[in-house]
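J.: Encoded as structure tokens, here's the structure I'll be asking about.
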Amino acid sequence: MTGPVDRRLAAPQLPSSTGGARAFRVLWTGQLFSLLGSSAAAFCLALTVYSETGDASALALVVGASSLSMIYLAPLAGAVGDHFPRRHVVCLGNAVLSVVSLLLAWQVGQFTAAEGDGFRTILLLVFLAGTAKAALSTTLSATVRELRAERDLSRINGLTSLVETIPTVSGPVIGAALYTTVAPAAVFAFEAVTFALAGALAATVRWPAAEHQGQDRRLRPFAGARRGFRFILAHPGFRTLQLVYAGVNFFAGLATAVVTVYVVTSSTAGTEEWNLAAFTVAGPVGLLLGALVVLTVGGRGSRAAVIVTALVLGALVGRLTPALVAVPVVWFVAQLVHQAGVQISNAHATAVWQERTPRHLQATVFGARRLLGQGPFPLAVILGGVLADRFFQDGAALPEAAGAIVPRLAEDGGGPGLLLALCALGQAALALLLAASPRVRETVRRP
């Protein structure tokens, strides 16, 4: 890929420094601690709510309250994050989350003691925590560009992905240990301590000189959010990139709604639980594998080729293959490949945004990017459940018709498998659209 670099997007390159590297290490060490606490608390909250209510919809509301605020309020949170010095945002965000965790510890104790009272308060606290996490995560993504040199960004994003993934494996173990040996409230107290520790560590490091001096100090989050959207939509390469990722996440949402059903219904009697457990474990293991690949070889090769290849392999091997092959070992390997592909493509794509977005706008743009790219996912999960129940059940008209061409789709699990296969083909087609776009190839080219 050759051609002139779009100077409107290129931010001045900062040399890597010992101070910046140290600040990065301290900052993300604190993030590792806080994510361990969050993962443990999320496990505990899900278990507590379901055990007390026995209601799957209540559990879905808790999960949805956090994801909705983290996705749909991200543009506003990012604009707020860019308005203030980033160290202040990181410290204050962790402090707020620590207080919310303490309130959750108290409320969960009341919830379990009062047999269900206080559920609305729990939802409100989870929603507030998701909002604070949106500001914190967009700001942390922006700090990578301040603290590390451009030549390291792909590899460093592999490292941050590794930091973010490790807690998804170890956090639930910590949560289960505290939940069973102490009390559910103790898990949230542990989370509060980890957030406080992360904020204290962020306060100890020396950051680059404030980039906010001389700027308009009026806080206008809605105007800031609009600025983030305008930045993305004004550039054809970014527009296409976001359109593709929005589509990929839409199909990912549809697949998420049916993949568990597919594994269960395609398993032989008595193996459903073990197959589902193995498949679930393969998810975070695949994310760890992808993060390690990026950390090891992140700066090599064509970035466009890596992104497209990761998306195509994740779709065809990770989703299409298991839909057509009813072998549990294949499902496990496919899930590894799928999640590794997600991690690899996201790490390289994030490096592009970090390189080409002005530093003072990064949290704002990352917030808008999150909404544009991930916004379709929650809606697609709901739609996927509806489609699976009405049109993609075993024996329904669509799977029976497809079974005439692919016999596997007429067998047990063939209905959900057909929807899974269609999602895979949709993701692969979008990846090829990305590969065919010269503007995208120029946008993702290494500076």
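J.: Which pairs turn up if I take residues in the range 270-298 that are within 22 Å of G158 (Cα to Cα) and look for partners that are among the hydroxyl-bearing types (S, T, Y) and open to solvent by 60 Å² or more (accessible area, probe 1.4 Å) with beta carbon separation below 6 Å, at least 6 apart in sequence or on another chain?
T.: If the second residue must be among the hydroxyl-bearing types (S, T, Y) and open to solvent by 60 Å² or more (accessible area, probe 1.4 Å), the pairs left are P284/T168.
J.: Regarding the range 167-183, can at least one residue be identified that is under 16 Å from the mean Cα position of the chain (by Cα) and under 27 Å from R356 (Cα atoms)?
T.: No; the residues of the range 167-183 include none that is under 16 Å from the mean Cα position of the chain (by Cα) and under 27 Å from R356 (Cα atoms).
J.: Give me a count of the residues in the range 307-316 that are open to solvent by 40 Å² or more (accessible area, probe 1.4 Å) and in contact (Cβ under 8 Å) with a residue 40 or more places away in the chain. So that I can check it myself, show each step before the final result.
T.: If we filter the range 307-316 for residues that are open to solvent by 40 Å² or more (accessible area, probe 1.4 Å), which is where we start, we get 309, 313, 316.
Still in the running and in contact (Cβ under 8 Å) with a residue 40 or more places away in the chain: 316.
So the answer is 1.
J.: Here's a follow-up. Take the residues of the range 214-239 that are closer than 15 Å to P358 by Cα and of a type outside the set (G, A, S): which is modelled with the lowest pLDDT?
T.: Taking the candidates together, the pick is Q215.
J.: Of all residues in the range 257-268 being in a helix (DSSP H, G or I) and open to solvent by 40 Å² or more (accessible area, probe 1.4 Å), which is farthest from L336 (Cα to Cα)? Steps first, please.
T.: First, pick out the residues of the range 257-268 that are in a helix (DSSP H, G or I): 257-266.
Now restrict to residues that are open to solvent by 40 Å² or more (accessible area, probe 1.4 Å): 260-261, 264-265.
Numbers: T260: 15, V261: 18, V264: 18, T265: 21 Å.
Applying the filter and picking the extreme gives T265.
J.: Would a scan of the range 129-140 turn up a residue that is touching a helix residue (DSSP H, G or I) at 6+ places or on another chain (Cβ under 6 Å), under 24 Å from S302 (Cα atoms) and polar (S, T, N, Q)? Steps first, answer last, please.
T.: To start, the set of residues in the range 129-140 that are touching a helix residue (DSSP H, G or I) at 6+ places or on another chain (Cβ under 6 Å) comprises 129-136, 138-139.
Right, trim to under 24 Å from S302 (Cα atoms) and you get none.
For the range 129-140, residues touching a helix residue (DSSP H, G or I) at 6+ places or on another chain (Cβ under 6 Å), under 24 Å from S302 (Cα atoms) and polar (S, T, N, Q): absent.
J.: Residues being open to solvent by 30 Å² or more (accessible area, probe 1.4 Å) and within 22 Å of G64 (Cβ to Cβ): count how many of those fall in the range 239-256.
T.: Within the range 239-256, residues that are open to solvent by 30 Å² or more (accessible area, probe 1.4 Å) and within 22 Å of G64 (Cβ to Cβ) number 4.
J.: Follow-up question, since we're still on this one. Residues that are assigned to a helix (DSSP H, G or I), at pLDDT 80 or above, out of contact with any Asp or Glu (no Cβ under 8 Å at 6 or more places or on another chain) and open to solvent by 70 Å² or more (accessible area, probe 1.4 Å): does the range 26-45 have at least one?
T.: The answer is yes, given that some residue of the range 26-45 is assigned to a helix (DSSP H, G or I), at pLDDT 80 or above, out of contact with any Asp or Glu (no Cβ under 8 Å at 6 or more places or on another chain) and open to solvent by 70 Å² or more (accessible area, probe 1.4 Å).
J.: Another question about this same structure. Do we find that A74 is closer than 25 Å to F229 by Cβ and not β-branched (V, I, T) in this structure? Can you show your working first?
T.: On the way: closer than 25 Å to F229 by Cβ: yes; not β-branched (V, I, T): yes.
Yes, satisfied.
J.: Of (1) closer than 18 Å to A315 by Cβ; (2) not in a helix (DSSP H, G or I), D412 satisfies all except one. Which?
T.: Status for D412: all satisfied but (1).
J.: Mind checking whether some residue in the range 320-327 is open to solvent by 20 Å² or more (accessible area, probe 1.4 Å), in contact (Cβ under 8 Å) with a residue 60 or more places away in the chain and not in a helix (DSSP H, G or I)? Spell out the reasoning first.
T.: At the first step, the residues of the range 320-327 found to be open to solvent by 20 Å² or more (accessible area, probe 1.4 Å) are 320-321, 324-327.
If we keep only those that are in contact (Cβ under 8 Å) with a residue 60 or more places away in the chain too, we end up with 320, 324-326.
After this cut, where a residue has to be not in a helix (DSSP H, G or I) as well, the list is 325-326.
The answer is yes, given that some residue of the range 320-327 is open to solvent by 20 Å² or more (accessible area, probe 1.4 Å), in contact (Cβ under 8 Å) with a residue 60 or more places away in the chain and not in a helix (DSSP H, G or I).
J.: Still on this structure: May I ask you to list the residues in the range 339-393 that are surrounded by 22 or more Cβ atoms within 10 Å (Cβ to Cβ) and not in a helix (DSSP H, G or I)?
T.: Result: T357, F392.
J.: Further, regarding this structure: Taking helices (runs of 4 or more DSSP H) that fall entirely within the range 70-180, which contain at least 3 residues that are open to solvent by 20 Å² or more (accessible area, probe 1.4 Å) and among the aliphatic types (A, V, I, L, M)?
T.: Once the helices (runs of 4 or more DSSP H) in the range 70-180 are filtered for at least 3 residues that are open to solvent by 20 Å² or more (accessible area, probe 1.4 Å) and among the aliphatic types (A, V, I, L, M), what remains is 86-113, 119-147.
J.: Among A429, A396, A424, A402, which is the only one that is among the hydrophobic types (A, V, I, L, M, F, W, C), open to solvent by less than 50 Å² (accessible area, probe 1.4 Å) and within 16 Å of L316 (Cβ to Cβ)?
T.: A424
J.: Additional query: In the range 269-304, what count of residues is obtained for those that are on the phi > 0 side of the Ramachandran plot and crowded, with 20+ Cβ neighbours inside 10 Å?
T.: The qualifying residues number 0.
J.: Look through W353, W274 and report the one residue that is in contact with a Lys or Arg (Cβ under 8 Å, 6 or more places away or on another chain) and among the aromatic types (F, W, Y).
T.: Of the residues listed, the single one that is in contact with a Lys or Arg (Cβ under 8 Å, 6 or more places away or on another chain) and among the aromatic types (F, W, Y) is W353.
The values are calculated or read from the model by the stated rules, or taken from the named source; none is laboratory data. These numbers come from a predicted model, not from an experiment. Backbone-built Cβ (ideal geometry, glycine too); neighbour counts: all protein chains shown. When the accessible area is computed, the model is the full protein with side chains, heavy atoms only, and any ligands, DNA or RNA have been set aside. Shrake-Rupley method; radii C 1.70, N 1.55, O 1.52, S 1.80 Å.
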